[in-house]
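For reference, the structure discussed in these notes is given below.
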């Protein structure tokens, strides 16, 4: 049988057949390869398959592989590799749900027992959590995507929420199973919300940043029997050379994520002219409000304070000077000034006023009928509205009706929109750059290209700081954690 | 009645989640679901609510809309609108990213 022919029902039947023994067992679920464009023959995640196959050939793990969504070269790779996998199937919503439910059942029934290990490794595209998103984690891509996907939102791509792993984490805690969730997707820092006393969560990046394949590949390469996940994570993180922010759910990791990550977030961003990949434009526009500027200043002061505290701590404990502290401070100040110049530009255009609200009431009388219309608009609404077209359309409709009520309504509409148009003209006379300000801002950002390099220099210095912070915190905390307790 | 329309059961009154194109036609704002298909649905918005749609003419939006009178085949009237969010269009999708989903059913007037 070709591996891709497994249906969810067949997976459910096959999973209980994986033989179990009395000593602690190691189980792996590898999920991923989703969200890649339909017209490709392979996925950008294929190297993960190669690395994991090598790992499984030299380590005794029971594995289930759910990967890829219809790319021929990746299919071929899966067919040739993973000889000992209990199940090999494509990564679809149905297969994902079936596998997770099957493992919940295996824990409930005692097939996976106290002390056993279960690692869920996810290597696929991941969405940023939007303010409207109620989930505690984030959505990851399954199956195939359209030819162009927005890598921030994954709009148009089939997804599943990793909130669906919550029951598994609760069962792991209740039954004493060592669970590891390794999320190597973009924005995977959101998945740390699943961590508990028995569940270690490791992510390839923070909730607001893209992840990069090099992390997953290096991680699997460094997974050696006898090493803990925490050791592997710290070793890989130190060597990672991209603009991500890998995270771990240990107490030390959480402390850094809580204090340091929000402050350094904007300085790992960079400008991309491809809107599907750009995070900088939205960040700068949001930060140009009064509240945004204030928050930005507080976060920067906080970041500098944390870096200075680290310097003082190292001098006190080890009499160690840290040249990287001066380097990262200087880079941060340079990048902040560059970002500030664009924020000041948008503010000079009047962007601060965009949330201001205006109200207009128009009235219309026809015979004995009197009607009124009220419109409540922000300045942002007003500058984007095409009043001439609206007024022309309603005026034309008014000429064609004889019903007095409808005539009065149309007149009220014309009156209201005319008043709003006057306000629009007044605003644009005062702030002419507000018209099409987003496009103008994009044009102005053209010399912001190349900011990857400065953000990357900051990221490389950040690796050293993180390692130092983690070591200092470990000496303070000296607590066990499920990432240290998960020994390969 | 088109197949898609009858299958989806859009004849009920109640509150709907609407992802729709906003157009202005004959002096009134309307919401269009499945534009350009045989299942196109046109929802005229009550006069008192239509000013809310003026900033979004020509754009794709998401809102909640209350329908109080039974739809006439693929035409109807939205009596009130909830908060409106603009959405990014999905030009490749057959429905252009539009959608109409009954959230809570109520008796028609």
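When A:389, A:378, A:374, A:361 are checked against the criterion of being in contact with a helix residue (DSSP H, G or I) (Cβ under 8 Å, 6 or more places away or on another chain), within 18 Å of residue B:24 (Cα to Cα) and within 12 Å of another protein chain (Cβ to nearest Cβ), A:374 stands alone in meeting it.
Looking at segment A:122-227, the strands (runs of 3 or more DSSP E) lying wholly inside it that each contain 3 or more residues that are in the same structural domain as residue A:65 (by TED's automatic domain parsing) and in contact (Cβ under 8 Å) with a residue 40 or more places away in the chain sit at A:178-183, A:199-203. In the set (1) farther than 30 Å from residue A:297 by Cα; (2) surrounded by fewer than 21 Cβ atoms within 10 Å (Cβ to Cβ); (3) modelled with pLDDT under 95, residue A:216 fails one condition alone, (2). Residue-level check: of (1) closer than 22 Å to residue A:290 by Cβ; (2) part of a strand (DSSP E or B), residue A:347 misses just (2). Consider segment A:25-41 and keep the residues that are surrounded by fewer than 22 Cβ atoms within 10 Å (Cβ to Cβ) and in a strand (DSSP E or B). The one that is modelled with the lowest pLDDT is A:37. The listed residues are A:440, A:449, and the only one of them that is touching a residue at least 24 places away in the same chain (Cβ under 8 Å) and surrounded by fewer than 14 Cβ atoms within 10 Å (Cβ to Cβ) turns out to be A:449. Selection of first residues in segment A:36-47 that are under 12 Å from residue A:69 (Cβ atoms) and of second residues that are modelled with pLDDT of 85 or more and surrounded by fewer than 16 Cβ atoms within 10 Å (Cβ to Cβ), restricted to Cβ pairs under 6 Å at least 6 apart or on distinct chains, gives the following pairs, ordered by first then second residue: A:42/A:73. Note on segment A:50-84: residues that are assigned to a loop (DSSP other than H, G, I, E, B), within 30 Å of residue A:146 (Cβ to Cβ) and more than 26 Å from the chain's Cα centre (by Cα) amount to 2.
Among the numbered conditions (1) surrounded by 14 or more Cβ atoms within 10 Å (Cβ to Cβ); (2) in contact with a helix residue (DSSP H, G or I) (Cβ under 8 Å, 6 or more places away or on another chain), the only one that residue A:279 does not meet is (2).
Looking at (1) under 30 Å from residue A:360 (Cα atoms); (2) modelled with pLDDT under 85, find the lone condition where residue B:31 falls short. Here residue B:31 clears every test but (2). Taking segment B:23-50 as the range and being within 14 Å of chain A (Cβ to nearest Cβ), at positive phi and either surrounded by fewer than 18 Cβ atoms within 10 Å (Cβ to Cβ) or in contact with a strand residue (DSSP E or B) (Cβ under 9 Å, 6 or more places away or on another chain) (or both) as the test, only B:26 passes. Look at (1) away from every other protein chain (no Cβ under 11 Å); (2) assigned to a helix (DSSP H, G or I); (3) modelled with pLDDT under 95 and you find that residue A:419 fails only one, number (3). Across segment A:434-454, a minimum of one residue is classified as part of a helix (DSSP H, G or I), away from every other protein chain (no Cβ under 14 Å) and modelled with pLDDT of 90 or more. Where helices (runs of 4 or more DSSP H) sit wholly within segment A:242-320, those with at least 2 residues that are modelled with pLDDT under 90 and closer than 23 Å to residue A:347 by Cα occupy A:280-286, A:290-318.
The set of residues in segment B:48-67 that are closer than 20 Å to residue A:386 by Cβ and without any contact (Cβ under 8 Å) to a residue 40 or more places away in the chain comprises B:49, B:50, B:51, B:52, B:53, B:54, B:55, B:56, B:57, B:58, B:59.
Among residues of segment B:53-72 being surrounded by fewer than 22 Cβ atoms within 10 Å (Cβ to Cβ), in contact with a strand residue (DSSP E or B) (Cβ under 6 Å, 6 or more places away or on another chain) and within 12 Å of chain A (Cβ to nearest Cβ), the one that is nearest to residue A:395 (Cα to Cα) is B:57.
The values are calculated or read from the model by the stated rules, or taken from the named source; none is laboratory data. Since this is a predicted model, take the numbers as computed values, not measurements. Here Cβ is always computed from backbone atoms with ideal geometry, including for glycine, and neighbour counts include all displayed protein chains.
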